[in-house]
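Take this structure first; my questions come after.
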Amino acid sequence: MDTEELRDYLAENSSVEDLFTSRCLQYLEEKNQNRPAAKRWPQEKIDRVSAKMYYSFLQNIHDKISNRKGLAKHDPSKWENFIKVHNIVDELEESVVDIEFE
């Protein structure tokens with residue numbers, strides 16, 4: 001499973017993306033309000049940065065899972081089984097709720 005497939009899997013089976021994006025946008029918008037008016041980012045840039053942050057988050061998750069022994073990188077069914085057996089979705093949702101951006 002590559003990062004794109006992981007993203008699709010999480011989008012279909014969890015609220016991780018929505019939770020992360022909501023928290024991230026809130027952080028970025030608050031940070032943006034603290035900038036001088038002339039240096040504030042347009043909403044499009046905030047959205048792009050948020051999307052990049054989520055993709056980076058996904059890559060990190062993908063890298064951690066792919067380092068597991070016996071987990072074939074190109075076998076989505078093994079990945080899905082691993083994710084289910086180890087309650088990865090629940091853990092991700094809980095961690096995203098508690099995430100702190102800096």
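Specify the residue that is farthest from P76 (Cα to Cα); the eligible residues are those in region 10-39 that are assigned to a helix (DSSP H, G or I), open to solvent by 20 Å² or more (accessible area, probe 1.4 Å) and touching a residue at least 24 places away in the same chain (Cβ under 8 Å). Explain how you work it out, then say what you get.
Initially, region 10-39 is screened for residues assigned to a helix (DSSP H, G or I), giving 10-13, 16-33, 37-39.
Narrowing the set further to residues that are open to solvent by 20 Å² or more (accessible area, probe 1.4 Å) leaves 11-13, 17-19, 21-23, 25-27, 29-31, 33, 37-39.
Checking which are touching a residue at least 24 places away in the same chain (Cβ under 8 Å) leaves us with 13, 17, 19, 21, 23, 25, 27.
Details: N13: 14, E17: 19, L19: 24, T21: 25, R23: 29, L25: 30, Y27: 33 Å.
It comes out as Y27.
Taking into account only those residues within region 40-50 that are charged (D, E, K, R) and under 24 Å from the mean Cα position of the chain (by Cα), which is surrounded by the fewest Cβ atoms within 10 Å (Cβ to Cβ)?
At the first step, the residues of region 40-50 found to be charged (D, E, K, R) are 40, 44-45, 47-48.
Narrowing the set further to residues that are under 24 Å from the mean Cα position of the chain (by Cα) leaves 44-45, 47-48.
On the way: E44: 8, K45: 12, D47: 15, R48: 12.
If we take residues in region 40-50 being charged (D, E, K, R) and under 24 Å from the mean Cα position of the chain (by Cα), then E44 is surrounded by the fewest Cβ atoms within 10 Å (Cβ to Cβ).
Would it be correct to say that K78 is assigned to a helix (DSSP H, G or I), more than 19 Å from the chain's Cα centre (by Cα) and surrounded by 12 or more Cβ atoms within 10 Å (Cβ to Cβ)? Don't jump to the end; show me each part of the working.
Details: assigned to a helix (DSSP H, G or I): yes; more than 19 Å from the chain's Cα centre (by Cα): yes; surrounded by 12 or more Cβ atoms within 10 Å (Cβ to Cβ): yes.
Judged against the criteria, K78 is a match.
When you look at Y27, is it at pLDDT 95 or above, touching a Lys or Arg at 6+ places or on another chain (Cβ under 9 Å) and of a type outside the set (D, E, K, R), yes or no? Let's see the steps before the verdict.
On the way: at pLDDT 95 or above: yes; touching a Lys or Arg at 6+ places or on another chain (Cβ under 9 Å): no; of a type outside the set (D, E, K, R): yes.
Taking the combined requirement at face value, the residue does not satisfy it.
Sticking with this structure for a sec: Which condition number does E102 fail, the rest of (1) outside any helix (DSSP H, G or I); (2) surrounded by 10 or more Cβ atoms within 10 Å (Cβ to Cβ); (3) without any contact (Cβ under 8 Å) to a residue 60 or more places away in the chain being met?
If we test E102 against (1) outside any helix (DSSP H, G or I); (2) surrounded by 10 or more Cβ atoms within 10 Å (Cβ to Cβ); (3) without any contact (Cβ under 8 Å) to a residue 60 or more places away in the chain, just (2) comes out false.
Follow-up question, since we're still on this one. Which one of the conditions (1) exposed (fewer than 12 other Cβ atoms within 10 Å of the Cβ); (2) touching a residue at least 60 places away in the same chain (Cβ under 8 Å); (3) not polar (S, T, N, Q) does V85 fail to meet, given that it meets all the rest?
Here V85 meets the rest and fails (2).
Okay, next question. Out of (1) over 14 Å from S14 (Cβ atoms); (2) open to solvent by 40 Å² or more (accessible area, probe 1.4 Å); (3) modelled with pLDDT of 90 or more, what's the single condition that is false for G70?
The single condition G70 does not satisfy is (3).
The values are calculated or read from the model by the stated rules, or taken from the named source; none is laboratory data. Everything numeric in this text was worked out from a predicted model, so none of it was measured. All Cβ positions, glycine included, derive from the backbone under ideal geometry; neighbour counts span all protein chains shown. Remember, those area values only see protein heavy atoms, side chains included, never the ligands or the DNA or RNA. Shrake-Rupley method; radii C 1.70, N 1.55, O 1.52, S 1.80 Å.
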